[in-house]
Amino acid sequence: MISRIKGIVTDKKIKLLEVMMTSGISFEVCVPNSLSFIIGKEYNFFVVTLFNSEKGYSLYGFDNEKTKIFFKELQECRGIGPKLALTILEN
């Protein structure tokens, strides 16, 4: 399980960043407020790795551990999945 990623943001979309590590491996990381990140800048993400039988593995990244824990707690609420949890965290 991936728990942290440190790398440079090389591309960004709504709720999604591409983060390249120094090894040259890039990860797609779902994040709240993705448009606030700067392309070319290095960030350290606290990551939650989730598996969906249709989509495979997804990485959800947060700038601090408290937000990561809150994301996990939100998903324990009935009817809240990772996408809705990200939306809640954006507000």
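The values are calculated or read from the model by the stated rules, or taken from the named source; none is laboratory data. The structure displayed is predicted, hence computed values, not measured ones. Don't worry about glycine lacking a Cβ; one is built from the backbone with ideal geometry, like all the others, and counts go over all protein chains shown. Accessible surface areas use protein heavy atoms only, side chains included; no ligands, DNA or RNA. Shrake-Rupley method; radii C 1.70, N 1.55, O 1.52, S 1.80 Å.
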Fill in: Over the chain, volume per residue of the alpha carbon convex hull, in Å³
99
Discussion item. Just to be sure I understand: of the beta bridges DSSP finds with both ends in the chain, what percent are antiparallel, rounded to 5?
Written reply: 90
Discussion item. From the alpha carbon gyration tensor of the stretch 18-60, can you work out the equivalent ellipsoid semi-axes (sqrt of 5 times each eigenvalue) and give them in Å, largest to smallest?
Written reply: 20, 13, 9
Response to the item:
Correct response: the longest run of the chain lacking exposed GluC sites (Glu not before Pro), defined by DSSP loop and at most 10 other Cβ within 10 Å, is 1-53
Practice prompt. Please give the length that would be gained between Glu73 and Met1 if that part of the chain were fully extended, namely 0.36 nm times their separation in residues minus their C-alpha to C-alpha distance (nm, one decimal).
Written response: 24.1 nm
Practice prompt. Heavy atoms only, probe 1.4 Å: what % of the accessible area of the chain goes to carbon and sulfur, would you let me know?
Written response: 55
Item to complete: Loop only per DSSP, at most 16 neighbouring Cβ atoms within 10 Å: give me the trypsin sites (Lys or Arg not before Pro) in the stretch 1-51, ordered by residue number.
Response: Lys41
Worksheet entry | Nonlocal Lys pairs with alpha-carbon distance under 23 Å, the chain (8 or more apart, or different chains) | 29
Worksheet item: Quick one: Karplus J couplings for the stretch 80-91, per residue in order, coefficients 6.51, -1.76, 1.60, θ = phi - 60°, nearest Hz, x for Gly and Pro?
Response: 10, x, x, 5, 5, 4, 4, 4, 4, 5, 6, 9
Discussion item. Counting heavy atoms of the protein chains only and a 1.4 Å probe, report the per residue accessible area for the chain as a whole number of Å².
Written reply: 66
Worksheet item: Mind listing which trypsin sites (Lys or Arg not before Pro) in the stretch 42-81 are in a DSSP loop and have 13 or fewer other Cβ atoms within 10 Å?
Response: Lys55, Arg78
